[in-house]
Amino acid sequence: MSNLMEEEPRKTRKTQKNGFMEKLLDGAEVEWKALGEESVGEFIRGGSLQKKNFTETGVGCIHYGQIYTHYGTYADKTKTFVSEEFAKKCRKAQSGNLVIATTSENDEDVCKAVAWLGNEDIAVSSDACIYKHKLNPKYVSYFLQTEQFQSQKRQYITGAKVRRVNADNLAKILIPIPCPENPKKSLEIQAEIVRILDAFTELTTELTTELTARKKQYCYYRDQLLRFDLPAGQAGEGEACLSGRQVEWKMLGDVALDFGRGKSKHRPRNDSKLYGGDIPFIQTGDIRNASHIIQKFSQTYSEFGLKQSKLWPKGTLCITIAANIAETSILGFDACFPDSVIGFIANPEETSSSYVEYLLSSLKKQLEEKGQGSAQSNINLGTFQNLKLPFPSLAEQTRIVAILDKFDALTTSLTEGLPREIELRRKQYEYYRDLLLNFPKPEVQEG
């Protein structure tokens, strides 16, 4: 039996939308077409650009990892650059093209896209592809966020640790095109849908900017409180004194009862036997999304999973060393985690997990820089083993943690309405995005 959605021209039918969409379409038909169909667009794989090729200025570039950590639905400026000489060897996206990440460590981020709206051509890395098309770029980018796209994408995901959708399979995914027989009217309809979604995006961005400003204020005071300058020539050796505070510089292994990477020995990593029990299995995203204390988890291990891993106790400091580098949070319960996470159990006679967590948070930018240069950002256990950190007396550490806890609580109190408002607006945006882009699909006919 053949699937006529793929092998024969797709039949169109009028949408059954009421209200706004009915008025917007004004009786126009909507046709679902493959993203790679000749009349729609084509995919071009990115080039050999890596983080080590970044320069301070030059030709703009997008690295695939930045698509799910830095960029939103669209952009007209790049975060990074490459030299003009290197750019000559790169594959480039033009204004109006989409840049799509084709790999990730999780299914959600695979195929996350940014519509490039800048005036200049930009270089694009490998593990990303450029989508050249005849549609409204924001319309396509918004569609790639919908469940209708996600449900199609999931059937093409391959790989275990690194999840991937290749360009050939991306080209098979269908997108709804209103009024395809009249390109001018089609683009007008797409533009109106984009205008509405842009309004929701702008409001969410404003709220997020305010929240970011509050967090920066907190980070400034945290870093000032944890600033222990060394006398010239000591370079981390021995002791230092700042404002009467005596400090000894030690490595994490010197102040830990246990310090090492998590374990996940079994292969393949996605074997269903590993999962589905009642043992929390923490992943890098859980650490990134927590605020100091990990209170939620998205995956569990079975007894089989536990046997090939290691159970870390409540109070363990978790540190990510892949994907999102140097993210830190403390376990609020016993849990396992993979080797992309380091566990640190503090020696209570030397320090506390809370103090070390605040220290590493203040050094996050420097640690991230150590992970640049590879195709996917990562650092190793040795980076932390060789890191010398300032440890004042236990009493002083306790005082610092108490101040930072209070300041964090104050900052949270000042901004407690913002995250809720942002989440509300985001849900509102997602509702209208899916409503505006939820065109009925053609019925599958078999014969």
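Being over 28 Å from F407 (Cα atoms) and of a type in the set (D, E) narrows it down to one of E303, E357, so name that one.
Only one candidate passes the filter, namely E303.
What are the pairs, 6+ residues apart or on separate chains, where a residue within region 73-86 that is farther than 23 Å from E202 by Cα has its Cβ under 9 Å from a residue that is hydroxyl-bearing (S, T, Y)?
T80/T55; F81/T55; F81/T57; V82/T55; S83/T55; S83/T57; F86/T55
Among the residues of region 60-72, which ones are under 13 Å from T205 (Cα atoms) and of a type in the set (S, T, Y)?
Y71
Kindly indicate which of I279, I294 is aliphatic (A, V, I, L, M), surrounded by fewer than 22 Cβ atoms within 10 Å (Cβ to Cβ) and either over 30 Å from D127 (Cα atoms) or without any contact (Cβ under 8 Å) to a residue 24 or more places away in the chain (or both).
Matching residue, one of I279, I294: I279.
Mind counting the residues in region 89-101 that are closer than 14 Å to E120 by Cβ and either free of Cβ contacts under 8 Å to residues at least 12 places away in the same chain or among the aliphatic types (A, V, I, L, M) (or both)?
As a first pass, look at region 89-101 and keep what is closer than 14 Å to E120 by Cβ: 90, 92-97, 99.
If we keep only those that are either free of Cβ contacts under 8 Å to residues at least 12 places away in the same chain or among the aliphatic types (A, V, I, L, M) (or both) too, we end up with 93, 99.
The number of residues fulfilling the criteria is 2.
Report, by residue number, each residue of region 152-202 that is charged (D, E, K, R) and either part of a loop (DSSP other than H, G, I, E, B) or not assigned by TED's automatic domain parsing to the domain that holds D127 (or both).
K161, K172, E181, K184, K185, E188, E192, R195, D198, E202
Here's the yes/no breakdown for (1) surrounded by fewer than 21 Cβ atoms within 10 Å (Cβ to Cβ); (2) assigned by TED's automatic domain parsing to the domain that holds N438; (3) of a type outside the set (V, I, T); (4) touching a strand residue (DSSP E or B) at 6+ places or on another chain (Cβ under 8 Å):
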| residue | (1), (2), (3), (4) |
| --- | --- |
| G36 | yes, no, yes, yes |
| T57 | yes, no, no, yes |
| H63 | no, no, yes, yes |
| K77 | yes, no, yes, yes |
| K88 | yes, no, yes, no |
| A93 | no, no, yes, yes |
| I100 | no, no, no, yes |
| S104 | no, no, yes, yes |
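So which of L211, L197 ends up being within 29 Å of Q428 (Cα to Cα) and either free of Cβ contacts under 8 Å to residues at least 24 places away in the same chain or more than 20 Å from the chain's Cα centre (by Cα) (or both)?
Values: L211 fails: either free of Cβ contacts under 8 Å to residues at least 24 places away in the same chain or more than 20 Å from the chain's Cα centre (by Cα) (or both).
After ruling out the rest, the residue left standing is L197.
State the number of residues belonging to region 322-340 that are crowded, with 20+ Cβ neighbours inside 10 Å, modelled with pLDDT under 95 and among the aliphatic types (A, V, I, L, M).
3
The values are calculated or read from the model by the stated rules, or taken from the named source; none is laboratory data. Because the structure is a prediction, the values reported are computed rather than measured. We place every Cβ from the backbone using ideal geometry, glycine too, and count neighbours over all the protein chains shown.
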